[in-house]
1. Hey, what do the phi angles of segment 295-300 turn into as Karplus ³J(HN,Hα) couplings, whole Hz, using 6.51/-1.76/1.60 and θ = phi - 60°, x for Gly and Pro?
2. How large are Rg and Dmax for segment 174-294 when calculated on the C-alpha trace, in angstrom?
3. Of the listed pairs 269/340; 37/58; 37/340; 58/192; 174/249, which have alpha-carbon separations greater than 27 Å here?
4. What is the distance, in nm, between label points placed 7 Å from the Cα along the Cα-to-Cβ direction at residue 214 and at residue 344?
5. Under the Karplus relation 6.51 cos²θ - 1.76 cosθ + 1.60, θ = phi - 60°, what is the ordered set of whole-Hz ³J(HN,Hα) values for segment 72-81, x standing for Gly and Pro?
6. Mind listing which trypsin sites (Lys or Arg not before Pro) in segment 35-124 are in a DSSP loop and have 14 or fewer other Cβ atoms within 10 Å?
7. Taking 0.36 nm per residue of separation and subtracting the Cα-Cα distance, what length does fully extending residue 32 through residue 263 add?
8. Give, in whole angstrom and from largest to smallest, the semi-axes √(5λ) of the equivalent ellipsoid of segment 93-180, with λ running over the eigenvalues of the Cα gyration tensor.
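Where a number appears in this text, it was derived from the coordinates with a stated rule and is not lab data. Just so we're clear, the structure is a prediction, and the values are computed from it rather than from any experiment. Methodologically, a virtual Cβ is constructed for each residue, glycine included, from the backbone with ideal geometry; neighbour enumeration extends over all protein chains shown.
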Amino acid sequence: MSVKKNNETYVSPAYNSVCPEAGNVDPKNITRDSWVKASFPEWGRYLNYEIDNFPVPKGQVAMWWVSGSSWILKTDLGGIFLIDANACVSHSTHFGECGVCYQSGAPFINWMRLSPQYIDPWGYGRIDAYLMSHTHADHCDPYSIAGAAQCSSTKFYGPRVVAEKTRDEFGIPKERIVTAKVGDIYEFPGAKLHILPCYDETAIRTGIADKLLDYEECTVCFMFETSAGNILFGGDTWYNDAYVEVGEKYDIDVATFNMGFNALGATDKMTPYDAVRFGQAVKAKVLIPDHYNLFANIAGDPMLLVQQFERIAQEIAPEIKTVIMQGGGRFLYPADQDIKRYWYPNGSENYDFKNSAVAKQIASRRAKQKDK
């Protein structure tokens, strides 16, 4: 399997080595367990292999969107970072621990997952840092954490509430947990990681019904300073005028942030309008919305959200570029900053008309006509 983008060709291992179960199924002895192993994750380990082996060009940074607010970043020195990794399935949250339930008064909320699982949490060859912006299950996910903990020696970074949950509920040893505080800077291959404030109004309402938590105790943004520029991951932030301070202090090249449909009675995600305002506040050069593809109750019509976002950005912030990704897609900055919308590779770089059945039929027909 190969992928060609920006005149580069990446050749993956044969599919059966990416997902060996798919090539070793006895059709006469299929069980539920063998079916699950052969069919999940839906992308097998293809993306794991691509991330591990893709050579990021000098002066560029690569990002893969793996649904929701989950991203993987790779630097030109090979550093690999998981941001809000998520392998959770459809689930329900209940009043007593769910910020959206507190906001809406709902006794419970069903979160029906829409996107496939693009990554095998146990399939990474290298992880330099595992980052969690806040404690919600699609950002602080026990499956992804377990996979990363067991297949690597990475440390886990998050604000105090996240650090405590990772230690107390998920059993990660305290020596592998870093409590990330706003203002902290950590150095890794090809990147400096800056911990920035996050103004997620839902996160500060998660866990204790009658008490608002402090922003910096329970939610943060992550900014990577790389040779390609500064990449900001906004998690599940709401719009807040305080982001003007971020834009004045840092030169933000690319910003990712949540966007979604809010049903009447509870605000959870930024609207397309507030998403653009967020981008203006941080003075980003490129905006990439996320999260709208993950759960049914925030999706509405995802393309309506995308179209509104693109139009609003074009009309009120024409100086800012927008990019709409597809799940599992790779974004290379600054090379891909003008793509507007990501297209999946179609494999046409491997097509060869002269070897096709059609070409052979034409050649055969012409040979017969010549013989006559």
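1. Once θ is set to phi - 60°, the couplings for segment 295-300 become 10, 4, 6, 10, 7, x Hz.
2. Rg and Dmax of segment 174-294, Cα atoms, are 14.7, 45 Å.
3. Numbers: 269/340 22 Å; 37/58 38 Å; 37/340 36 Å; 58/192 16 Å; 174/249 32 Å.
Where the Cα-Cα span goes over 27 Å, the pairs concerned are 37/58; 37/340; 174/249.
4. The two pseudo-label positions are separated by 4.6 nm.
5. Once rounded to whole Hz, the list reads 10, 10, 10, 8, 6, 9, x, x, 10, 10.
6. Values: sites: 37, 45, 58, 74, 113; in loops: 45, 58.
Here the trypsin sites (Lys or Arg not before Pro) that fit, given the DSSP loop and packing criteria, are 58.
7. Values: separation 231, 0.36 × 231 = 83.16 nm, distance 3.67 nm.
Computed gain between residue 32 and residue 263 is 79.5 nm.
8. Details: eigenvalues 132, 58, 18 Å².
Rounded to whole Å, the semi-axes are 26, 17, 9.
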